[in-house]
Amino acid sequence: MSISLPDYYFRVRENGAFVFRVNTENRQRPLELDQIAAVNIRNGEVKPQGAYELTDADQAAIAAWMEERKATLEARDLDDILRSIDHLNLTAHWAQTRATPEALEQVTDALLLAMHDLRTVLVRKKADRLKQG
């Protein structure tokens, strides 16, 4: 059974990835990963590993991965926000139906401050969008 492996492997890290070339040429070992670069997704920086010079194919694969990764992270951010809306609704229901006075005392100030901060940011951003459009 033959498995088709990609030419590159990206080991994701918090702010990007380490880029490896997948090497299957060595018959003594089934697979080797040779690190060729480190990528910082936040600032777009790509640093070749050691004295390795990135080929055009390497650079194209890295650029494609970076675009795909940015899209994935943006989708996750939006999904996290939509989940936060669900959590706010669940929190309101909890506060109204099940919360003890002690539990409410523990969380009320922090929730009110966080919601006030969020409301302030959202109102300002909404006003900015209305001014522009």
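Read-outs: derived from the displayed coordinates by stated rules, not from any lab. Small disclaimer: the values here were computed from a predicted structure and weren't measured. Here Cβ is always computed from backbone atoms with ideal geometry, including for glycine, and neighbour counts include all displayed protein chains.
In table form, for the structure just shown:
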item: Segment 92-133: trypsin sites (Lys or Arg not before Pro) falling in loop per DSSP and having at most 12 other Cβ within 10 Å; result: Arg98
item: Estimated FRET transfer efficiency (Ala51, Glu74; beta-carbon r; R0 30 Å; 0.05); result: 0.30
item: The chain, dipole about Cα centre (Lys/Arg Cβ +1, Asp/Glu Cβ -1), debye to the nearest 20; result: 360
item: Longest exposed-site-free window of the chain, the sites being GluC sites (Glu not before Pro) in a DSSP loop that have at most 12 other C-beta atoms within 10 Å; result: 54-133
item: Spacing of the two label points (7 Å from each Cα toward its C-beta) at Glu32 and Arg119, in nm; result: 6.3
item: Top positive-direction residue, dipole computed over the chain with Cβ charges, set Thr120, Gly44, Pro30; result: Thr120
item: Amide hydrogen neighbours beyond the local backbone of Ile41, cut-off 5 Å, H modeled; result: Gly16, Ala17
item: Residues of type aspartates and glutamates that Lys70 reaches as a straight line, Cα spacing below 13 Å, ignoring anything fewer than 8 places off in the same chain; result: Glu14
item: Segment 85-113-segment 33-49 distance, computed between alpha-carbon centres (Å); result: 44
item: Karplus 3J(HN,Hα) series, Hz, for segment 4-18 with 6.51 cos²θ - 1.76 cosθ + 1.60 (x for Gly, Pro); result: 8, 9, x, 6, 10, 10, 10, 8, 5, 9, 3, 10, x, 6, 9
item: Stretch gain in nm, segment Leu5-Leu90, where the contour uses 0.36 nm per residue and the Cα spacing is subtracted; result: 26.2 nm
